[in-house]
Amino acid sequence: MIGGIEAGGTKFICGVGTGPDDLETFEFPTTSPEETIERTLDFFRPHSVNRIGIGSFGPVDLNPASATHGFITMTPKLAWRNFDLAGALRRGTGAEVVIDTDVNAAAEGEFRWGAAQGLNTFIYLTIGTGIGGGGMVNGGLMHGLLHPEMGHIRIPHDWGVDPYKGGCPSHGDCLEGLASGPAMEARWGMKAQELPPDHPAWALQANYLALGLANWIFTLSPQKIILGGGVMKQERLFSEIRKRVDELINGYLQAPEIVPPGLGARAGILGSLALAIP
Ligand code: ADP
Ligand code: ZN
């Protein structure tokens, strides 16, 4: 049995199993690091797992040569800043711990069991409380100096069409600042799930996401783009995004398929588990 932890800023999902057919999960809200780790260890205690994969919120230090590898770094959640997440779980369970970003974990899950099987270059994005992106290039999960923070790219913002100034505490109107779930709520005064289907919010949202996608299509040439997260539960966004991406590319090349996660809402936890499969 292998362990997985989808370590989110609002909730933790812990799982044990070997894959989609036997995964058992338990979830609880993210509170203080001490309490959250204690509940995580309580879950794993009766299971004997010797490897645990973590798909973590971040930014997180993923440099294997760093003294703070596996630490959460710059989060606005102050109690978690500089917290040694991987170390706390390694010490608490005795297991070998593999850590990556939440979106790279989901990408790994999609690669192993979902919509990215057989591919070597693809993107996984979540459009939820924030916007995050990861994936694989030439068969390896994307890392770099730190790791991609794809939600924070700059896209054109037509202030005449959209006077909302953007909600990112660091950048204002970056993509996440304009198109996360909370940005939609702040702009329209209503939660995204309450906006009616014919509301102009959706065309604006599709346009912002398509602008981001076009940039990644031109820079990375992904074979597929997988879009998950709460906001993408609005299924008709997919067709609006595909149409807008085609318009932006304007025949210059063929757009990749843009699809929901093959593993649905379990992409994150299954991917965390997949990280730890040797
Ligand atoms: P997180 O990003 O914290 O892991 P989610 O992916 O569920 O969580 O994203 C939460 C965001 O998604 C919220 O801003 C919420 O308004 C939005 N959301 C949740 N369900 C829907 C829905 N059915 N339609 C549109 N937006 C939704
Ligand atoms: Zn930003």
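Can you tell me what share of the DSSP beta bridges in the chain is antiparallel? A percent to the nearest 5 is fine.
Among the beta bridges of the chain, antiparallel pairing accounts for roughly 55 percent.
Is the shape of region 69-173 best called rounded, prolate or oblate, per the rule: a/c under 1.5 gives rounded, else a/b larger than b/c gives prolate, else oblate, with a ≥ b ≥ c the square roots of the Cα gyration tensor eigenvalues? Mind dumping the intermediate values first?
Numbers: a/c = 2.71, a/b = 1.30, b/c = 2.08.
Oblate is the answer for region 69-173, as a/c is 1.5 or above yet b/c matches or exceeds a/b.
So between S239 and D84, what do we pick up on full extension, going 0.36 nm a residue minus the alpha carbon distance? Present the calculation step by step, with values, prior to reporting the outcome.
Values: separation 155, 0.36 × 155 = 55.80 nm, distance 4.13 nm.
Fully extending the segment from S239 to D84 adds 51.7 nm.
Rounded to whole Å, give me the distance from the Cα center of region 216-260 to that of region 10-41.
That distance is 31 Å.
In whole Å, how far is the Cα centre of region 81-104 from that of region 160-189?
Value for the Cα centre distance between the two parts: 32 Å.
L145 to I277: FRET efficiency via 1/(1 + (r/R0)^6), r the Cβ-Cβ distance, R0 22 Å, to the nearest 0.05? Mind showing how you got there, number by number?
Values: r = 27 Å, r/R0 = 1.21.
So, using R0 = 22 Å, E works out to roughly 0.25.
Mind computing the radius of gyration and Dmax over the alpha-carbon atoms of region 8-87? Å is fine for both.
13.3, 37
Taking the alpha carbon gyration tensor of region 193-236, what are the square roots of 5 times its eigenvalues, largest first, to the nearest whole Å?
Working: eigenvalues 110, 30, 8 Å².
With the √(5λ) rule applied to region 193-236, the semi-axes are 23, 12, 6 Å.
Using the Kirkwood radius built from alpha carbon pairs, what does the Stokes-Einstein equation give as D for region 136-227 at 10 °C and 1.306 mPa s, in µm² per second? Please report the intermediate quantities before stating the final value.
Details: Rh = 14.5 Å.
Roughly 110 µm²/s, to the nearest whole number.
So for the chain, taking the charge dipole from beta-carbon charges (+1 Lys/Arg, -1 Asp/Glu), which of P260, T10, L85 sits furthest toward the positive end?
Positive-most Cα among the choices belongs to L85.
Calculate, for N215 and M74, the FRET efficiency according to 1/(1 + (r/R0)^6) with r their C-beta to C-beta distance and R0 30 Å; round to the nearest 0.05.
Values: r = 23 Å, r/R0 = 0.78.
After rounding to 0.05, the efficiency reads 0.80.
Between S170 and N250, what length comes free when the chain is fully extended (0.36 nm per residue of separation minus the Cα-Cα distance, one decimal in nm)?
Extending this stretch completely gives an extra 25.6 nm.
Return the aspartates and glutamates within reach of K243: Cα separation strictly under 18 angstrom, same-chain partners fewer than 8 residues apart disregarded; answer none if there are no such residues.
Partners within reach: D198, E235, E257.
In bins 10 Å wide, starting from 0, what share of all Cα pairs of region 216-262 does each bin hold, as a percent?
25, 56, 19, 0
Name the long-range amide H neighbours of F12: under 5 Å, sequence gap of 5 or more, or other chain; modelled H, no Pro or chain starts.
F28, T30
When you count, for each residue, the other Cβ atoms within 10 Å and take the mean per peptide, how do 39-46, 196-203 rank with the highest first?
39-46, 196-203
Please list the radius of gyration and Dmax for region 52-104, considering alpha-carbon atoms only, with Å as the unit.
10.3, 29
About the Cα centre, and with charges only on the beta carbon of Lys, Arg (+1) and Asp, Glu (-1), how big is the dipole of the chain? Nearest 20 debye, please. Spell out each step's value before the answer.
Values: 20 positive and 29 negative charges, 34 e Å.
Value, rounded to 20: 160 debye.
Which order, highest average first, do 140-152, 171-183 follow once you tally other Cβ atoms within 10 Å for each residue and take the mean per peptide?
Numbers: 140-152: 17.1, 171-183: 22.7.
Put in order of decreasing packing, that is 171-183, 140-152.
How big is Rg to Rh over the chain, alpha-carbon atoms, Rh as the Kirkwood inverse-mean-distance radius?
Numbers: Rg = 18.5 Å, Rh = 19.1 Å.
Rg divided by Rh gives 0.97.
Mean 1/r over all different Cα pairs, inverted: what Kirkwood radius does region 173-278 give, in Å?
Details: mean 1/r = 0.0668 Å⁻¹.
Final number for the Kirkwood radius of region 173-278 is 15.0 Å.
Please work out whether region 81-236 counts as rounded, prolate or oblate from its C-alpha gyration tensor, where a ≥ b ≥ c are the square roots of the eigenvalues and a/c under 1.5 means rounded, while otherwise a/b larger than b/c means prolate and anything else oblate? Write down the numbers at each step before the final one.
Working: a/c = 1.93, a/b = 1.54, b/c = 1.25.
Taking the square roots of the gyration eigenvalues as a ≥ b ≥ c, region 81-236 is prolate.
Show log10 I(q)/I(0) for region 121-177 at q = 0.15, 0.17, 0.19 Å⁻¹, two decimals, from a solvent-free Debye sum over equal Cα scatterers.
Taking Cα atoms of region 121-177 as identical point scatterers yields -0.51, -0.62, -0.73.
Pulled fully out, how much extra length does the chain show between R45 and T25, if you take 0.36 nm times their separation in residues and subtract their Cα-Cα distance?
Details: separation 20, 0.36 × 20 = 7.20 nm, distance 1.38 nm.
The span from R45 to T25 would gain 5.8 nm if fully extended.
In the structure shown, do any of K11/K77; K165/K224; K165/K191 have a Cα-Cα gap over 24 Å, and if so which?
Details: K11/K77 13 Å; K165/K224 31 Å; K165/K191 18 Å.
Pairs exceeding 24 Å: K165/K224.
For region 138-270, give the magnitude of the charge dipole about the Cα centre (Cβ charges: +1 Lys/Arg, -1 Asp/Glu; no others), in debye to the nearest 20. If you can, show how the numbers build up before the last one.
On the way: 11 positive and 13 negative charges, 50 e Å.
Value, rounded to 20: 240 debye.
³J(HN,Hα) across region 208-221 via Karplus (A = 6.51, B = -1.76, C = 1.60, θ = phi - 60°), whole Hz, x for Gly/Pro?
Each residue's phi maps through the Karplus curve to give 4, 5, 5, 4, x, 4, 4, 4, 6, 4, 6, 8, 10, 6 Hz.
Read-outs: derived from the displayed coordinates by stated rules, not from any lab. Computed from a predicted model, the values in this text were never measured in an experiment. So basically every Cβ, Gly included, is an ideal-geometry build from the backbone, and we count neighbours across all protein chains shown.
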